[in-house]
Amino acid sequence: MIRKEKISVRQFCLIVAIFAIGTPILVIPAELAAIAKQDAWIVPLIGTIISLPFIGLYVAVGRLAPDKTLVEKLEWLLSKWIGKAVILSFAFFCFVNSSELLYYIGNFMSTQSMPNTPLLSLNILFALIIVMGIRLGIETLARTAELMFVLFIVLFIILVVFVSPQIEFDRIQPVLETKMNSLTWATLYFISVLSFPSFVLLMIFPSCVDRPKEASKAFYKGTIIGGIVIVTIIALCILVLGVEITSIQTFPSYALAKKINVGHFLQRIEIVMAIMWFISIFYRLTFYFYGAVESLAQVFGLKNSKSIVLPLGLLMVAMSLVVHPNMQHDIEYTHAWMPYGATFGLLLPLLLLGVYAVRKKKL
C-alpha cells in the first residue's frame with residue numbers, strides 16, 4: 001500500500017500552476033511563433049480556455065475513488081493484470097518525459113551559461129536534487145512550492161516591468177491574419193503541452209489533498225494561473241523580439257530577458273528568466289519522476305517506494321543522455337508529442353470513465 005501524504009488545497013493549487021508553466025515558458029514561444037506568426041499570443045489565450053474541459057475530465061477521474069492514487073485506480077478498474085500492464089506503460093511515459101526534461105536542463109546550461117561543463121555533470125547535479133525532493137516527500141515539496149511560487153511571481157513581475165519599455169505593438173499587427181488551420185494546429189499543440197501532462201497530477205489528486213472537494217477548484221485555478229503566465233511571456237516575446245527572432249530562437253524567453261536595459265545600468269539580467277524556468281521545470285520533472293517511482297512501486301508491490309528512487313534517478317540520468325541524440329530528433333519528437341501525450345492525457349481517462357460507467361451499470 002502506497003503511503004499517502006497530505007497537502008493543503010492552496011499548496012495543490014500552486015503545484016498545478018507551476019507544473020502547468022513548466023517547460024512552455026522557455027521553449028514553446030518559438031514553436032507557436034513559427035506556426036501562428038504574430039497571432040502566437042492568441043493561441044495560449046484560446047488554448048487555456050479550451051484546456052479547462054480536460055481538467056474537468058481529470059477531476060472526474062479523480063472523483064471515481066477519491067482515496068486512491070491514479071495507479072491504484074488503474075488496477076482497481078482495469079483488473080490486476082491489465083491494470084499492471086497499463087501502469088507499466090504509464091511509468092514508461094513518466095520516466096521518458098522526466099529524462100527528456102533533464103536533457104533540456106543540461107542542454108540549456110551547456111549552451112547558454114556553462115559551455116565548458118560536461119553535460120553529464122550538469123544532469124547528475126540536477127537529478128540529485130530531484131531524488132532528494134522525492135525522498136523528502138510530497139509534503140516537503142508542497143511547502144517548498146509555496147516559497148518558490150512567491151519567488152517566481154516576484155521575478156515574473158520584474159521581467160514584465162523592465163521589458164515593457166521595449167514593447168512595439170505594431171509587431172502583433174495585423175491581428176488574426178494567420179490562416180485558421182495554422183491557428184487551430186498551434187492551439188491543439190499548446191493544449192497538448194499545457195493540459196495532457198496535468199494528468200500526472202492525479203497521482204496526488206485528490207487522495208493527497210486534505211480537502212478533496214475544494215481541490216477540484218484548485219485544479220482549475222492553478223491551470224488558469226499557469227495559462228496567464230504563458231500568455232504574458234509569449235506576448236512579450238512577440239512584442240519585444242518580433243516574430244522572426246522569436247521563431248528561430250531555441251530559448252526565446254531567455255533572449256527576451258537579455259533585452260532588459262534600464263538606463264544602460266541594469267542590463268544582462270537574463271538570470272531572472274533562468275531562475276523562473278528552473279523553478280517551474282523542477283516541479284514538472286519532479287512529478288513526472290514521482291509518477292514513474294510510484295507506478296513501479298505499485299506494480300512490484302513495494303511497501304516503501306523510496307528504495308527505488310536513487311536507482312531510478314541514475315537510470316534517468318543515463319536516459320537523459322540518449323533520449324535525444326541530436327536536435328533533429330528533438331524536433332521530430334516535438335511533432336510526435338501530441339498523439340503520444342493524448343494517449344495518456346485523453347484516451348486513458350476516457351477509458352477509465354467508460355469502464356467505471358459499465359461496471360456501475362452492471363452492479
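The values are calculated or read from the model by the stated rules, or taken from the named source; none is laboratory data. Please read these numbers as outputs of a predicted model, since none were measured by experiment. Cβ coordinates were reconstructed from backbone atoms using ideal geometry, including for glycine residues, and neighbour counts include every protein chain displayed. Only protein heavy atoms, including side chains, enter the accessible area calculation; ligands, DNA and RNA are left aside. Shrake-Rupley method; radii C 1.70, N 1.55, O 1.52, S 1.80 Å.
Once you divide the Cα radius of gyration of the range 47-100 by 2.2 N^0.38 Å, the number left is 1.33.
Quick one, can you get me the convex hull of the C-alpha atoms of the range 304-352 expressed as volume per residue in Å³?
Normalising the Cα hull of the range 304-352 by residue number yields 81 Å³.
Pairing the Cα long axis of helix 42-62 with the longest principal axis of the chain, what angle in degrees results, from 0 to 90 and rounded to the nearest 10? With rounding to tens, the tilt is 10 degrees.
When you count the other C-beta atoms within 10 angstrom of each residue and take the mean per peptide, 45-56, 13-24 line up highest first as 13-24, 45-56. Within the set of other residues whose C-beta is less than 15 Å from the C-beta of residue 219, count the net charge using Lys and Arg as +1 and Asp and Glu as -1. Value of the local net charge: +4. For the range 164-176, 3J(HN,Hα) computed residue by residue from phi via the Karplus equation (6.51, -1.76, 1.60; θ = phi - 60°) reads 3, x, 9, 5, 10, 5, 5, 6, 9, 9, x, 6, 6 Hz, glycine and proline entered as x. Pairs over the 18 Å Cα-Cα cut-off, from the set 84/306; 68/303; 84/361; 37/179; 6/213; 73/360: 84/306; 84/361. If you average the alpha carbon positions of the range 41-67 and of the range 125-141, how far apart do those two centres end up, in angstrom? With the range 41-67 and the range 125-141 each reduced to a Cα centre, they are spaced 27 Å. Under 1.5 on a/c is rounded, so check that first for the range 138-293, then, if it is not, pick prolate when a/b is larger than b/c and oblate when it is not; a ≥ b ≥ c are the square roots of the alpha carbon gyration tensor eigenvalues. Oblate, because a/c is 1.5 or more while a/b does not exceed b/c. Under a 5 Å amide H cut-off, with hydrogens placed 1.01 Å from N, residue 7 pairs with 209, 210 among residues at least 5 apart or on other chains.
Quick check: Cα centre of the range 310-335 to Cα centre of the range 80-105, how many Å? Taking the Cα centre of the range 80-105 as reference, the centre of the range 310-335 is 13 Å away. Once Rg and the Kirkwood radius are both taken over the C-alpha atoms of the chain, their ratio Rg/Rh works out to 0.97.
Taking only protein heavy atoms into account and a 1.4 Å probe, give the accessible area per residue of the range 169-291 in Å².
On a per-residue basis, the range 169-291 sits at 40 Å².
With only the Cα atoms considered, the range 1-128 has a convex hull volume of 170 Å³ per residue.
In the chain, the longest principal axis of the Cα atoms and the axis of helix 119-136 are about 50 degrees apart. For residue 80, the aspartates and glutamates whose Cα falls under 14 Å of its own Cα, not counting residues fewer than eight places away in the same chain, are 72. The overall shape of the range 94-155, judged from the alpha-carbon gyration tensor, is oblate: a/c is not under 1.5, and a/b is no greater than b/c.
Value of Rg to Rh for the range 279-320, rounded to two decimals, is 1.00; Kirkwood radius and Rg both from alpha-carbon coordinates.
Axis of helix 212-236 versus longest Cα principal axis of the chain: the two differ by about 20°, to the nearest ten degrees. Could you tell me which of rounded, prolate or oblate describes the range 274-363, using a ≥ b ≥ c as the square roots of the eigenvalues of the alpha-carbon gyration tensor, with rounded for a/c under 1.5 and, failing that, prolate when a/b is larger than b/c and oblate otherwise? Note, shape of the range 274-363 comes out oblate. Only helices enter the 222 nm calculation for the chain: every DSSP H run of n ≥ 4 contributes -39,500 (n - 2.57), and dividing by all residues gives -24000 deg cm²/dmol, rounded to 500. Charge dipole of the chain (Cα centre as origin; +1 on each Lys and Arg Cβ, -1 on each Asp and Glu Cβ, all else neutral): 1440 debye, rounded to the nearest 20.
The orientation-averaged shadow of the Cα convex hull for the range 114-189, equal to a quarter of the hull surface, comes to 9.6 nm². Carbon and sulfur together cover what percent of the accessible area of the chain at a 1.4 Å probe radius? Carbon and sulfur together cover 68 percent of it. Taking every alpha-carbon pair under 8 Å whose residues sit at least 6 apart, the chain reaches a relative contact order of 41 percent.
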